[in-house]
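**Q** The structure under discussion is supplied below as structure tokens; questions concerning it will follow.
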Amino acid sequence: MGSFLPSTNEAKSGHSELITTIKFRHCSLLRNRRCIVAYLYDRLLRLRALRWEYGSVLPNAVRFHMSADEVLWFNQYKKSLATYMRSLGGGDGLDLTQDMKPPKNLYIEVRCLKDYGEFEIDDDTTILLKKNSQHFLPRWKCEQLIRQGVLEHILS
């Protein structure tokens with residue numbers, strides 16, 4: 001008559017198969033965790049790039065696809081970057097996001113879109129910015145007015 005208990009050889013092979021299965025499952029879980037961490041890190045790098053591309057306010061279409069933790073991370077990164085930029089360049093700070101590509105020319109031609117009044121340039125020269133007038137000005141002096149919609153860069 002046969003015994004209901006497995007022989008020692010059968011028990012050893014069953015035990016070894018169980019250990020192999022556990023090791024395989026553990027390696028699979030570690031691999032999946034590495035993939036998830038790499039995916040999340042890639043998303044953070046993309047969020048950081050979006051801050052440099054769009055500025056401190058993201059379009060709604062981008063914000064819609066972000067998780068709450070990503071929005072929180074983005075806001076913290078935005079504040080850290082702003083604090084760092086304020087600490088540079090003396091009392092005024094330095095906007096590092098202004099020129100992502102070096103300008104080809106230090107002076108640009110601009111057209112005034114609305115009456116602005118007098119505008120002072122570095123050498124204490126003042127010019128009158130009237131609607132539809134065109135001027136050849138230092139790029140860095142007029143970029144703020146371009147963003148405000150007072151001036152328009154004329155591409156040559």
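**Q** Using only the alpha carbons, work out the radius of gyration and Dmax of region 96-156 in angstrom.
**A** Rg then Dmax for region 96-156, in Å: 11.4, 31.
**Q** For His15, His153, what's the largest-to-smallest order of accessible area, 1.4 Å probe?
**A** Working: His15 115, His153 70 Å².
The most accessible residue leads, giving His15, His153.
**Q** Show the residues, 5+ positions off or on another chain, whose built amide H is closer than 5 Å to the amide H of Ile108.
**A** Amide H neighbours of Ile108, under 5 Å, 5+ apart: Leu137, Arg139.
**Q** What Kirkwood radius, in Å to one decimal, follows from the Cα pairs of region 12-57?
**A** Numbers: mean 1/r = 0.0745 Å⁻¹.
With all distinct Cα pairs of region 12-57 included, I get 13.4 Å.
**Q** In the chain, what percent of the accessible surface is made up of carbon and sulfur (1.4 Å probe, ligands and nucleic acids excluded)?
**A** Working: 7160 of 12500 Å².
So the carbon and sulfur contribution to the accessible surface is 57 percent.
**Q** Determine the relative contact order of the chain: mean sequence separation of Cα pairs under 8 Å and six or more apart, normalised by residue count, in whole percent. Intermediate values should be presented prior to the final figure.
**A** Values: 113 pairs, mean separation 22.8, N = 156.
So the answer I get is 15 percent.
**Q** Which cross-chain or sequence-distant (5 or more) residues have an amide H under 5 Å from the amide H of Ser56, H modelled 1.01 Å from N in plane?
**A** Here nothing satisfies the definition.
**Q** Hey, another quick one. With +1 on each Lys and Arg Cβ and -1 on each Asp and Glu Cβ, and nothing else charged, work out how big the dipole of the chain is about its Cα centre, in Debye to the nearest 20. Write out the running numbers ahead of the final one.
**A** Working: 23 positive and 18 negative charges, 182 e Å.
That gives the chain a dipole magnitude of about 880 debye.
**Q** Then there is this: Kindly give the semi-axes, whole Å and largest first, of the ellipsoid equivalent to region 53-104, taking each as the square root of 5 times a Cα gyration tensor eigenvalue. Walk me through the numbers before you get to the answer.
**A** Values: eigenvalues 125, 49, 9 Å².
Those come to 25, 16, 7 Å.
**Q** Shifting gears a bit: Using only the alpha-carbon atoms, what does the chain span along each of its principal axes? Please give whole angstrom values in decreasing order.
**A** 112, 32, 29
**Q** May I ask which residue of Asn105, Pro59, Gln76 lies farthest towards the positive end of the charge dipole of region 50-156, with charges of +1 (Lys, Arg) and -1 (Asp, Glu) on Cβ and the Cα centre as origin?
**A** Going by the Cα projections, it comes out as Pro59.
The values are calculated or read from the model by the stated rules, or taken from the named source; none is laboratory data. All of these numbers come straight from a predicted model, not from anything done at the bench. Ideal geometry is used to build each Cβ from the backbone, glycine not excepted, and the neighbour counts take in all protein chains shown. All accessible areas refer to the heavy atoms of the entire protein, side chains included, with ligands and DNA or RNA removed. Shrake-Rupley method; radii C 1.70, N 1.55, O 1.52, S 1.80 Å.
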